[in-house]
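Worksheet: one structure, shown below.
Each value in this text was obtained by applying a stated rule to the coordinates, not by laboratory testing. Quick caveat, the model's predicted, so the values are computed rather than measured. Using ideal geometry, Cβ is built from the backbone for each residue, glycine included, and neighbour counts are taken over all protein chains shown.
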Amino acid sequence: MMTRMNPLLGRNEQFARTYTPVALGLPAAQVLVVTCLDHRVEPAIVLGLQLGEAPVIRNAGGRVTPAVIDDIAYLAFLAEQLFGRQGPADTLFEVAVVHHTQCGTGFLADPSFRRQAAEATGLAEAALEASAVADPHTTVKADVERLLTSPLLSPKVSVSGHVYDIATGRVTTTVDARHP
Ligand SMILES: [Zn+2]
């Protein structure tokens, strides 16, 4: 069978040989990561995450969109329903928004590139503009604010902002964790 997944399925075969399943529970790191889908930004590797430690939501730019807010609202509800009494009284998990340097969405900050992209793909120019990360320090602050002011965010969830530098491999905290 020909598929480019073949070498990766081989790696999975190796993985499954020593695999131990993890039971459904609160994320062990008590963190939920929101970050870019960029293949150079892999939270499991960059943050050393193991299975069962942290859910990860990824999209272009790692932007806090309405869809991301919906997912976080549901996960907070689920965590509270299933495990609310086991966790600390005041917090279910911290949402860590991680934007990065050299983001491919940065081109979308340029109006003519954006117009071209909208015409070629059929996507709305406003949506493309909303996903642009030209300066990750600025966008991560805006997105932490967007999440903290959302009426859908559980008061038991805290939010922090960070920037991953592609050149150095380092993650720097831009916004300290706080509750809505
Ligand atoms: Zn990116």
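Highest mobility in the GNM of the chain, judged by mean-square fluctuation with C-alpha springs under 10 Å and restricted to 150, 131, 158, is found for 150. When the charge dipole of the stretch 75-156 is built from unit charges on Cβ atoms (+1 for Lys and Arg, -1 for Asp and Glu) and taken about the Cα centre, the candidate among 104, 147, 78 whose Cα reaches farthest toward its positive end is 78.
Mean projected area of the convex hull spanned by the Cα atoms of the stretch 87-165, taken over all viewing directions: 6.5 nm².
Packing here is the average count of other Cβ atoms within 10 Å per residue, and on that basis the peptides 73-79, 142-148, highest first, run 142-148, 73-79.
Computed from backbone phi with θ = phi - 60° and the Karplus coefficients 6.51, -1.76 and 1.60, the 3J(HN,Hα) list for the stretch 127-133 is 5, 5, 4, 5, 9, 5, 10 Hz; x is used for glycine and proline.
Close amide H pairs (under 5 Å, H built 1.01 Å from N) link residue 57 with 33, 34, 35, residues at least 5 positions away or on another chain. This model, with +1 at the C-beta of Lys and Arg and -1 at the C-beta of Asp and Glu, gives the stretch 23-180 a dipole about its Cα centre of some 120 debye.
Of all the options 35, 91, 20, the one that moves most in a Gaussian network model of the chain with Cα springs shorter than 10 angstrom is 20. Ordering 159-170, 57-68 by mean Cβ neighbour count within 10 Å, with the highest value first, yields 57-68, 159-170.
Taken over the alpha carbons of the chain as equal point scatterers, the Debye sum produces base-10 log I(q)/I(0) values at 0.10, 0.14, 0.19 Å⁻¹ of -0.46, -0.85, -1.25.
For residue 174, the residues whose modelled amide H falls within less than 5 Å of its own, excluding neighbours fewer than 5 places apart on the same chain, are 161, 162, 163. For the stretch 151-163, putting each phi into the Karplus relation 6.51 cos²θ - 1.76 cosθ + 1.60 with θ = phi - 60° gives couplings of x, 7, 7, 5, x, 8, 10, 9, 9, 9, x, 9, 10 Hz, in residue order, rounded to whole numbers and with x for Gly and Pro. Of the peptides 95-106, 37-48, the ranking by mean beta-carbon count within 10 Å, highest at the top, reads 95-106, 37-48. At an R0 of 41 angstrom, the distance between the Cβ atoms of residue 67 and residue 6 translates into a FRET efficiency of 0.80. Backbone phi angles across the stretch 29-43, fed through the Karplus curve with coefficients 6.51, -1.76 and 1.60 (θ = phi - 60°), yield HN-Hα couplings of 7, 6, 10, 10, 9, 10, 8, 6, 7, 3, 6, 9, 10, 9, x Hz in residue order; Gly and Pro are listed as x.
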